[in-house]
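Working notes, beginning with the structure itself.
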Amino acid sequence: MFKALTTSATGLEAQQANIDRIANDLANVNTDGYKRDTTEFQDLMYDTIKEPGAKLGASSTTPVGIQEGMGVKVGASHKIFEQGSAKVTNNPYDLMVEGKGFFPVTLPNTGEVVYTRAGAFKVDAQGRLGTSSGALMEPQITIPNTATSVVIGPDGQVKAYDSQGAESVLGQIQLVNFVNPQGLMAIGGNFYKSTAGSGEPQQGVPGENGVGTIMQGALEASNVNVANTMVEMINAQRGFEMNTRVMGVADKMLEATANIVR
Amino acid sequence: MSKPLWPAVSGAMARDHQVEVISNNLANVNTNGFKRDDVSFQEYLAKKEKTDDLTVDIPRSPIKDKDLYPLDGRDQSFVIVNGTHTKFTPGGLKVTDNPLDLALDGPGFFEVSTPSGIRYTRAGSFKMAPDGKLVTTDGYPVLAADGQAGATDPAGRYINLSGRPGPLHINDSGEVYMNDEKVAQLDVVEFGNLDPIRKVGGLNFENKDPIRNPPQVAEKTHVKQGMIETSNVNPVQEISNLIRANRMFEEDLKAMKTVNEMMSKEVNDIGKM
């Protein structure tokens, strides 16, 4: 009975982890470039009281044993890199990746290259393209102040036109791809870091190597599906309640046992 | 007089087992690929005091009613838990659109290589390891078929997805295609008898009787890509079992109390007369 108490406690903990994750997903329902998480559960080890297949006699064995499980744990939580829908903004520096790739950017404080799907780039005082938190695009692209319009093609080529209509090529946006994007580590600010689990980044020109293409003037909306997440929340909440119910019953049984002798 | 105490104690202990199993089922109500357990009880007859073939001593003593009924031990039987069974009824299918989420439609299992040997699972939320191997959430490689289920060294049957960027498709019969090129055939197996398939935790199952119950190539099982099988725990059923177990436990304790009172009367009150 004490085991039932701890077993349902593992259930509460797992459902709580689920609710925490759902809360984060719903909080980011309007965060451009956000990718939803998933929580995966696993059952814990089993206490085998009677081994199935134990010998009963010379030629007979028990068909089934007695096993009592010890509950549940969170096995993994990872991002689901499903494509979010396009949100047209008509801002020339809003870029969206159609496909699996990521934009490589350099963090301003550490100089580390990290990866993002949130393509809301801005131009800084020196004309360099970077995110709103100041992470510059890698390789760097500088927009001259004589440029009146900037065109970024699906292949990532950045072209500027000045007031006379003269075209100049400013650079080439690169995208990177990972063997296992689910192994990327989310570090906040819409950035991801590569890990041993994700594999080395594979750089490519947009349109090649399966990195996807670039769409100018659009942003990738969050891929959180509100209806689905709500269903998950109901499941998690009811799961939580049922585990508290088991705790209550185990408690009542213990109480009743203690009251046999008064 | 002390005898009737033990059947009640055995009943309470059996209910205790049942609550443990229900608590584990409910803890795993949202665990994908989980299969619920059930407890079975058995009546355990203690001994026969009077045999079935009655010899009534006529005519030296008058015949009483109870002379005509055998006492076959039913008056002092016990209840024991004789087994827990895993119920392999299918769970629901949940669409995830993740290409590496695979659900099994049918009675089969995926084969997984773990350090302690080959294990079986229905939790098909697979991942790609850094070296490109298809693995479970715990990092155990998922095995490909070599035409004959479970025949050869598992190390030769790992599924490698690296070096082939591009869309991944897995069809109903478990054939893995990348860039329209067949990479592997997932090993999906079925068992003639599911009783020796035992849980080992981590959503894996072990075959305890591989000689008489070998894995067979799946015929009735289909692989569904982008879906995951949810837990087959039915909360309504579990909660109603829980309430029943709780009430029966209380009844058993009441019986114990009654026996206790009777014994107390025997010891204290009869002596006073």
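For the range A:72-195, taking Cα atoms only, Rg and Dmax work out to 16.2, 68 Å respectively. An ellipsoid equivalent to the range B:136-273, defined through the eigenvalues of its Cα gyration tensor, has semi-axes of 56, 18, 13 Å when rounded to whole angstrom and sorted largest first. One compactness figure for the range A:35-117 is 2.22, namely its Cα radius of gyration divided by 2.2 N^0.38 Å.
Computed with a 1.4 Å probe on the full set of protein chains, the accessible area for B:Phe249 sits at about 10 Å². For the range A:108-262, the spherically averaged projection of the C-alpha convex hull amounts to 15.4 nm². Each residue of the range A:220-232 was assigned a 3J(HN,Hα) from its phi angle through the Karplus expression (A = 6.51, B = -1.76, C = 1.60, θ = phi - 60°), giving 8, 6, 4, 8, 6, 9, 4, 4, 4, 5, 5, 4, 4 Hz with x at Gly and Pro.
Restricting the range A:195-262 to GluC sites (Glu not before Pro) that sit in a DSSP loop and have at most 14 other Cβ atoms within 10 Å of their own Cβ leaves A:Glu208.
Taking label points 7 Å from Cα along the Cα-to-Cβ direction, A:Ile49 and B:Lys265 give a separation of 3.4 nm.
Pair-distance distribution P(r) for the range B:75-132, from all Cα-Cα distances in 10 Å bins starting at 0: 16, 35, 25, 12, 8, 3, 1 percent.
Between B:Phe41 and B:Lys182, the contour length at 0.36 nm per residue exceeds the alpha carbon distance by 45.8 nm.
With contributions of -39500 (n - 2.57) from each DSSP H run of at least four residues, the per-residue ellipticity at 222 nm computed over chain A stands at -8000 deg cm²/dmol.
Placing a pseudo-label 7 Å from each Cα along the Cα-to-Cβ vector at B:Asn234 and A:Val88 gives an inter-label distance of 5.1 nm. Which value, in Å² rounded to 10, gives the accessible area of B:Val267 with a 1.4 Å probe and all protein chains present? Probe radius 1.4 Å; accessible area of B:Val267 about 110 Å². Put the Cα centre of the range B:210-273 next to the Cα centre of the range A:1-78 and the gap is 19 Å. Note on A:Ala227 and B:Thr89: their simple-model spin labels are 2.8 nm apart, each label 7 Å out from Cα toward Cβ. Restricted to Cα atoms, the protein assembly as shown shows a radius of gyration and a Dmax of 32.0, 134 angstrom. Taking every residue in A:237-250 and counting other chain Cβ atoms within 10 Å of its Cβ, the average works out to 5.
The alpha carbons of the range B:192-254 occupy a box of 53, 34, 22 Å along the principal axes, longest dimension given first.
Distances between placed amide hydrogens fall under 5 Å for A:Leu170 paired with A:Val158, A:Lys159, A:Ala160, all partners being 5 or more residues away or on another chain.
Taken over chain A, the ratio of Cα radius of gyration to 2.2 N^0.38 Å equals 1.48.
Rg ratio for the range A:1-143: its Cα radius of gyration over 2.2 N^0.38 Å, N being its residue count, equals 1.77. Rounded to 0.05, the FRET efficiency of the B:Ala155 and A:Arg128 pair, given R0 = 41 Å and the Cβ-Cβ distance, is 0.25.
The values are calculated or read from the model by the stated rules, or taken from the named source; none is laboratory data. Bear in mind that the values here come from a model prediction, so they are computed numbers and not experimental data. Cβ sites come from the backbone with ideal geometry, for glycine too, and all protein chains shown count toward neighbours. Please note that ligands, DNA and RNA were not included when accessible areas were found on the heavy atoms of the full protein model with its side chains. Shrake-Rupley method; radii C 1.70, N 1.55, O 1.52, S 1.80 Å.
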